[in-house]
Amino acid sequence: MKRWKLLPGLAVKGVTQNGRIYYPYIIACIFSVFTYFIFASILENDLIATLPHSTYAWLMLMIGKVLLVLILVPFIDYAQSFLIKRRKKETGLYLILGMERKHLICLLLLETVLIYVAAVSGGIFLGCILAKLFFLMLLRLSSLPVEVEFVFTWKAFAETILFFAAVSLWNFLHGSVSIVRARPVELFSGSRRGEKEPRFALPGTLCGVVVMLLAYKTVFEAKLDSTIFFCFFLSVFLAVVGTYLLFTFAGVVVLKFLRTRKRFYYRPENFITISGMYYRMKKSAAGLANICIFSTMVIITLTCTVALYAGLDGIRHFDYAYEAVLTYEEDGMSRAEAETLLAGLSEKQGIFAERLDSWGDFCLDCGRSASSLKEEQPDFKTCQLHLITLEEYNRLTGRTESLKDGQAILYSTGAPYGYDFMDCLGIPLEILETSDPLFPWPKAGREYFGESYVLAVKDEEVVQNVKRAWEIRTGKKALDGNVCTGIVLQGPEEAKEQFMEELKVWQNSQNGYFVMLEDGVEGGQVIYSMNGGLLFIGILFGMIFFMCLLLIMYYKQLSEGYEDQGSFVIMQKVGMGEEDIRSTVRRQMLSVFAIPMLMALLHSAVGMCMVNQLMGMLRMFDTALLIRCSIGVAFGFAVVYMICYGLTSKAYYRIVLRDRG
């Protein structure tokens with residue numbers, strides 16, 4: 001009975017006396033609870049459903065919440081397993097002194113409950129303070145109305161409490177199993193047991209190199225088509241596997257090689273560094289691989305977030321080059337009338353019409369194979385063909401180009417066409433390709449979904465010839481070409497919205513010749529709403545990945561310190577001075593922590609090729625902007641990484657240099 005009474009005090013004492021390893025874990029758990037509570041509070045708030053265009057932001061948050069769970073659960077389990085391993089000796093001592101396993105399980109339960117209460121209460125308290133701020137940040141990034149009052153719901157509190165209760169229960173069961181299976185002598189001497197050397201080190205290294213090269217090959221060969229997501233997940237999987245293989249086996253091969261270099265290995269500073277890493281190579285491999293992977297995730301997440309934020313206007317412009325586009329039959333309404341209508345409405349709202357264009361558009365769905373443009377076929381690349389006359393082309397560009405019979409000017413919104421000849425539905429054409437932007441059709445500059453070709457031909461007769469050829473090949477009736485008039489507006493969003501409201505009122509009064517109205521104002525708001533949700537997720541996930549990275553680095557420093565402590569005591573007894581010890585520490589820690597950072601930078605540099613393709617899914621094609629953002633983020637991360645290394649290495653120095661003896 002006395003043993004049971006001692007357990008609550010031992011639980012509190014176990015956490016407080018091991019604060020060096022428990023306090024960072026509790027802080028990480030508080031941040032995890034806080035992040036989850038933020039997601040839950042916004043998603044469970046009925047207010048967000050009432051905001052215009054908020055559906056896309058809500059969907060992005062829901063996806064982010066699922067990903068958050070997939071990240072937090074294994075990370076918390078990893079941190080919990082580290083705590084259990086660090087206290088093996090203490091647990092073994094309790095068993096040797098007469099405690100039973102049921103007492104230790106109860107002690108673990110009390111500690112788990114104590115940490116759970118501290119984490120949940122701290123995380124929810126922090127969430128209550130900052131939830132409104134993050135909600136306003138989401139609204140701001142998504143261009144949603146910010147004049148709303150955030151209201152907490154009991155569902156968010158209940159969901160957060162229950163979710164982390166389930167995570168804590170899993171951690172408790174996991175720890176209980178390790179207590180039941182372990183032997184007291186093994187626990188007591190666990191901290192002095194080295195890791196077994198991995199077998200087949202050289203074949204494992206070669207396998208890691210092959211897997212990593214396959215991952216890079218998948219990245220370089222990925223294209224913006226229906227296989228892009230498969231290639232993305234395959235490359236990520238291969239990169240993770242390759243990283244673990246390289247750190248596990250390549251490290252062994254390198255260390256073995258260094259041990260054969262007698263003049264290098266038997267220097268005191270090198271001997272301690274190499275022998276220490278070789279002693280625990282398997283554990284070091286897992287820690288270094290985790291640091292590398294989380295570093296890569298931080299760099300790529302922040303790069304995507306920064307680039308997406310900087311490129312939002314370009315994304316909107318690509319999908320909606322005009323605030324409004326009227327499509328109509330020219331027999332019922334002249335171009336001059338349409339332009340006068342749009343210009344008059346813009347002047348009424350006091351906003352400036354930066355650009356006002358009219359053009360005839362004849363669009364056909366086609367398939368392309370090399371230099372042939374034919375009807376859609378399964379093995380052909382799908383594209384749209386916009387047929388305009390040379391007169392229309394000159395009007396849009398302000399040029400005075402001329403064409404001979406059988407010639408055409410080709411403008412590609414995607415990758416360059418690359419041929420001087422085109423078999424256009426059986427009609428041979430000599431191609432004069434232009435790369436200059438053609439405003440109604442923004443240019444991506446590379447392949448993407450919905451790629452279009454604008455073909456400016458000599459006259460209307462050629463347009464009709466292409467139309468008839470398409471109808472014969474497809475057996476379908478081509479729609480008659482219509483006229484489009486678009487306007488680009490400069491002014492406040494409220495005025496643009498009022499402009500569209502009045503234009504829609506006019507639209508409802510029309511019939512017959514009027515075909516459609518494209519609302520670029522609302523479309524742009526939808527884009528900002530959807531991408532704003534992605535930005536919000538990117539910011540939070542960047543913080544989460546960085547927290548995971550920082551905690552892994554800290555725990556690895558502790559682990560390295562405890563395992564190196566004895567080696568430095570021995571070296572001091574055989575004559576190694578304090579300055580030599582410090583020099584050895586610096587060499588070892590820099591070599592250990594520089595490798596995953598350099599590997600992460602390499603992964604990120606290669607991964608930008610895949611990111612560049614994925615950004616095309618969001619209609620962001622500014623590769624130069626992405627490169628600038630990636631360089632800036634990589635440089636900033638390297639600086640912050642070294643600062644974090646310096647901060648976390650203090651724990652190592654305290655253990656090795658102060659706790660000796």
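The values are calculated or read from the model by the stated rules, or taken from the named source; none is laboratory data. What you see is a predicted model, and the numbers here were worked out from it, not measured in a lab. Please note: Cβ atoms are built from the backbone with ideal geometry, for glycine as well, and neighbour counts cover all protein chains shown. Accessible surface is based on the protein model in full, side chains and every heavy atom, while ligands, DNA and RNA are left aside. Shrake-Rupley method; radii C 1.70, N 1.55, O 1.52, S 1.80 Å.
The table below lists the values:
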| quantity | calculated |
| --- | --- |
| Sole exception among (1) of a type outside the set (Lys, Arg); (2) in a helix (DSSP H, G or I); (3) modelled with pLDDT under 75; (4) over 28 Å from Phe152 (Cα atoms) for Cys106, by number | (3) |
| Positions within region 498-516 being assigned to a helix (DSSP H, G or I) and surrounded by 11 or more Cβ atoms within 10 Å (Cβ to Cβ), in sequence order | Gln498, Phe499, Met500, Glu501, Glu502, Leu503, Lys504, Trp506, Gln507 |
| Ser191, sole failed condition from (1) of a type in the set (Gly, Ala, Ser); (2) modelled with pLDDT of 80 or more; (3) touching an Asp or Glu at 6+ places or on another chain (Cβ under 8 Å) | (2) |
| In region 470-484, residue modelled with the highest pLDDT [restricted to those that are aliphatic (A, V, I, L, M) and open to solvent by 100 Å² or more (accessible area, probe 1.4 Å)] | Ile472 |
| Members of region 335-367 found to be open to solvent by 30 Å² or more (accessible area, probe 1.4 Å) and either closer than 18 Å to Thr389 by Cα or charged (D, E, K, R) (or both), listed by number | Arg335, Glu337, Glu339, Glu347, Lys348, Glu354, Arg355, Asp361, Cys363, Asp365 |
| Set Thr305, Thr340: member being at pLDDT below 90 and β-branched (Val, Ile, Thr) | Thr305 |
| Qualifying residue in region 363-382 (condition: modelled with pLDDT of 90 or more and under 23 Å from Arg619 (Cβ atoms)) | no |
| Near pairs, Cβ below 7 angstrom, 6+ apart or cross-chain, from region 460-476 (over 15 Å from Asp361 (Cβ atoms) and without any contact (Cβ under 8 Å) to a residue 60 or more places away in the chain) to any residue that is open to solvent by less than 30 Å² (accessible area, probe 1.4 Å) and outside any helix (DSSP H, G or I) | Ala469/Leu425; Glu471/Ala478 |
| Pair list, Cβ under 7 Å, 6 or more apart: region 286-305 residue at negative phi, other residue open to solvent by 30 Å² or more (accessible area, probe 1.4 Å) | Leu288/Ile595; Ala289/Tyr244; Cys292/Met599; Ile293/Val240; Val298/Phe546; Thr305/Ile539 |
| Residue among Ile409, Ile427 that is among the aliphatic types (A, V, I, L, M) and over 30 Å from Asp313 (Cα atoms) | Ile427 |
| Pairs where the first residue, in region 510-528, is more than 15 Å from Gly332 (Cβ to Cβ) and the second is open to solvent by 70 Å² or more (accessible area, probe 1.4 Å) and charged (D, E, K, R), C-beta under 7 Å, 6+ apart | Val521/Glu497 |
| All positions within region 138-165 that are among the aliphatic types (A, V, I, L, M), at pLDDT 70 or above and open to solvent by less than 60 Å² (accessible area, probe 1.4 Å) | Leu138, Leu139, Leu141, Ala156, Ala158, Ala165 |
| Residues of region 99-126 satisfying the condition of being surrounded by fewer than 18 Cβ atoms within 10 Å (Cβ to Cβ) and among the hydroxyl-bearing types (Ser, Thr, Tyr) | Ser121 |
| Where Leu72 falls short, out of the listed (1) modelled with pLDDT of 70 or more; (2) open to solvent by 20 Å² or more (accessible area, probe 1.4 Å) | (2) |
| Enumeration of residues in region 305-320 that are touching a helix residue (DSSP H, G or I) at 6+ places or on another chain (Cβ under 7 Å) and open to solvent by less than 40 Å² (accessible area, probe 1.4 Å) | Thr305, Ala307, Leu308, Gly311, Leu312, Ile315, Arg316 |
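Residue by residue, here is whether (1) surrounded by fewer than 19 Cβ atoms within 10 Å (Cβ to Cβ); (2) among the polar types (S, T, N, Q); (3) in contact with a helix residue (DSSP H, G or I) (Cβ under 7 Å, 6 or more places away or on another chain); (4) modelled with pLDDT of 75 or more holds:
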residue: Asn531; (1), (2), (3), (4): no, yes, yes, yes
residue: Leu551; (1), (2), (3), (4): no, no, yes, yes
residue: Gly561; (1), (2), (3), (4): no, no, yes, no
residue: Arg587; (1), (2), (3), (4): yes, no, yes, no
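A quick yes/no check of all residues on (1) within 23 Å of Glu461 (Cβ to Cβ); (2) touching a Phe, Trp or Tyr at 6+ places or on another chain (Cβ under 7 Å); (3) surrounded by fewer than 18 Cβ atoms within 10 Å (Cβ to Cβ):
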site	(1), (2), (3)
Cys383	no, yes, no
Thr389	yes, no, no
Gly398	no, no, yes
Pro416	no, no, yes
Asp423	yes, no, yes
Phe439	no, no, yes
